[in-house]
Amino acid sequence: MFKIKLCKSKGSYEVNYNKKIKLDLKKLKKFKVIEDAGIFLILNIENCEIIVHNYGDLFFKDCKDKEKIEKIAKEIYNEGIITT
């Protein structure tokens with residue numbers, strides 16, 4: 001489904017879906033939105049700040065718990081993936 005890896009900067013975790021997807025950012029506004037930049041959102045979910053790009057990549061800025069990252073990523077993908 002997706003892979004979780006430590007970013008090159010070592011400051012955050014990156015989550016990438018295993019295939020090309022698009023996310024409906026409007027649907028993801030049900031979560032707490034910190035910033036809406038049009039092509040990405042910054043969300044706060046369970047005290048984690050997540051940058052969500054419309055092409056499916058997620059960046060967890062201040063969360064080091066991989067189980068929590070996996071849980072939140074599943075929620076985001078389940079809610080936001082555009083199916084055709």
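Laid out as a table, the results:
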| item | result |
| --- | --- |
| Rg/Rg_ref, the range 2-80, where Rg_ref = 2.2 N^0.38 Å and atoms are Cα | 0.97 |
| Isolated Cys residues of the chain, judged by Cβ distance under 4.7 Å to other cysteines | Cys7 |
| For Ile45, residues with placed amide H under 5 Å, excluding near neighbours | Ile50 |
| The range 1-28 versus the range 65-84: alpha-carbon centroid distance in Å | 9 |
| Simple Cβ-charge dipole of the chain, Lys/Arg +1 and Asp/Glu -1, about Cα centre, in debye nearest 20 | 280 |
| Karplus (6.51, -1.76, 1.60) ³J(HN,Hα), θ = phi - 60°, over the range 13-28, in Hz, Gly and Pro reported as x | 9, 10, 10, 10, 6, 6, 9, 5, 9, 10, 10, 8, 5, 4, 5, 7 |
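Bear in mind that the values in this text are calculations on the coordinates, not laboratory data. The shown structure was predicted, so the numbers you read here are calculated from the model rather than taken from an experiment. Note that each Cβ is placed from the backbone with ideal geometry, even for glycine, and that neighbours are counted across all protein chains shown.
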